[in-house]
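The values are calculated or read from the model by the stated rules, or taken from the named source; none is laboratory data. Note that this is a predicted model, so its numbers are computed, not measured. Positions of Cβ are backbone-derived with ideal geometry, glycine not excepted, and every protein chain shown enters the neighbour counts. Calculation scope for accessible area: heavy atoms of the full protein, side chains included, ligands and nucleic acids excluded. Shrake-Rupley method; radii C 1.70, N 1.55, O 1.52, S 1.80 Å.
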Amino acid sequence: MMRILLFGKRGQLGWELHRQLIHLGEVTALDQPDIDFASPESLRPLIQEIEPNLIVNAAAYTAVDRAEEEPDLAHQVNAVAPSVLAEEASKLGAGLIHYSTDYIFDGSLGTAYREEDEPNPINTYGRTKLDGERAIAQGCERYWILRTSWVYSFRGPSFAQKVLTWSRSKKQLEIVTDQVGSPTWCQILATATTHALLRGNTDPPNWITRHAGIYHVAGKGQCNRYEFAQELVNSDPRRDEHCLEEILPAKSDQFPSLAKRPPYTPLNCDRFENTFGVPIPDWKVALRLAVEEYA
Ligand SMILES: NC(=O)c1ccc[n+]([C@@H]2O[C@H](COP(=O)([O-])OP(=O)(O)OC[C@H]3O[C@@H](n4cnc5c(N)ncnc54)[C@H](OP(=O)(O)O)[C@@H]3O)[C@@H](O)[C@H]2O)c1
């Protein structure tokens, strides 16, 4: 039976992955405080003891603004630790699945980004995630880097979760129109990952090698944050609890933040869909199912 080592089991994505990967093999799922990506060397003995056939890394430093104040920590977690995972996976002949972000792009392209488009991160988080991608590509051959964007769930403090909470406590919301992306329900991302793996039938490490590389996996289509919020509010099955009267369009410079956000980073997922034959649902279809989870 395949041994799978999952990092970041309590994160938005890791929580969903844990529930899906158990269909593929025996899963050892870990998170802080049992592991600490800020001490990357501490990961080596742990990986060597478990001897996984597949490592799935959903752990990351994802606090985009705080990363501007803690660049070294963000670098350790998002770049150095993944380089250790790659080296250890390579020694074991294991596959490595890692997640990256639309924030490795500067948002100036004007069309949905493809995998071969030039990265040019404009904030520390994006730079550390790009460093992580490069470390993995250099450190091992059996890897998939799945770049995703605007990941949400209703278990943690995501944008989506906040909008539905605010709609119950505020009459008016101001949401920006000048950030465009592809909202991704974490369950869709976990399912797409698992289905792509299942296409490899019984030998995931070799399947990963055969299709090694970077893939974009995000909700299909695009919207701005304002449209995302509108759709969330309109799709909420418990709309009767709302006191929200209107959502006003706003601009990002009305809400100063430590990190700059790229203005336009929808992801084109054709490569993933065509390679694995796994269709990715439209972001609105996924969202209507996702909001039913909001308790
Ligand atoms: N969220 C987004 O909008 C978004 C967009 C694009 C790409 N991504 C990428 O998608 C992947 C999954 O993101 P997500 O939204 O599921 O992230 P998340 O909810 O923030 O989960 C990240 C997980 O990593 C853990 N972690 C943080 N620092 C750690 C450390 N020093 N040692 C060990 N574990 C640590 C966190 O634990 P604690 O909770 O205890 O800190 C958490 O369980 C990441 O690679 C992220 O970069 C996310």
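Taking the conditions exactly as written (surrounded by 15 or more Cβ atoms within 10 Å (Cβ to Cβ) and modelled with pLDDT under 95), does THR209 satisfy them or not? So THR209 passes the test. Scanning segment 254-274 turns up one or more residues that are touching an Asp or Glu at 6+ places or on another chain (Cβ under 9 Å) and over 20 Å from TYR103 (Cβ atoms).
So, in segment 1-25, of the ones that are basic (Lys, Arg) and under 16 Å from the mean Cα position of the chain (by Cα), which residue ends up farthest from the ligand (Cβ to nearest atom)?
Across segment 1-25, the extreme among qualifying residues is LYS9.
For segment 40-69, the set of residues classified as under 19 Å from LYS91 (Cβ atoms), part of a loop (DSSP other than H, G, I, E, B) and either open to solvent by 20 Å² or more (accessible area, probe 1.4 Å) or acidic (Asp, Glu) (or both) consists of GLU51, ASN53, listed by residue number.
Filtered by the rule that a residue be charged (D, E, K, R) and within 14 Å of the ligand (Cβ to nearest atom), segment 135-169 gives ARG147, ARG155, LYS162.
Just to be sure, is ASP253 over 19 Å from the mean Cα position of the chain (by Cα), free of Cβ contacts under 8 Å to residues at least 40 places away in the same chain and under 30 Å from THR124 (Cβ atoms)? For ASP253, the condition - over 19 Å from the mean Cα position of the chain (by Cα), free of Cβ contacts under 8 Å to residues at least 40 places away in the same chain and under 30 Å from THR124 (Cβ atoms) - is met. Against the definition (surrounded by 17 or more Cβ atoms within 10 Å (Cβ to Cβ), in contact with a Gly (Cβ under 9 Å, 6 or more places away or on another chain) and either in a helix (DSSP H, G or I) or not acidic (Asp, Glu) (or both)), how does ILE214 come out, yes or no? Answer is no for this residue. Does segment 45-53 contain at least one residue that is within 11 Å of the ligand (Cβ to nearest atom) and touching a helix residue (DSSP H, G or I) at 6+ places or on another chain (Cβ under 9 Å)? Checked against the condition, which is being within 11 Å of the ligand (Cβ to nearest atom) and touching a helix residue (DSSP H, G or I) at 6+ places or on another chain (Cβ under 9 Å), segment 45-53 yields no hits at all.
Is it the case, given these coordinates, that LEU198 is open to solvent by 50 Å² or more (accessible area, probe 1.4 Å) and among the aliphatic types (A, V, I, L, M)? Criteria met by LEU198. VAL217 satisfies every condition listed in (1) touching a Pro at 6+ places or on another chain (Cβ under 9 Å); (2) in contact (Cβ under 8 Å) with a residue 40 or more places away in the chain; (3) not basic (Lys, Arg) except (1).
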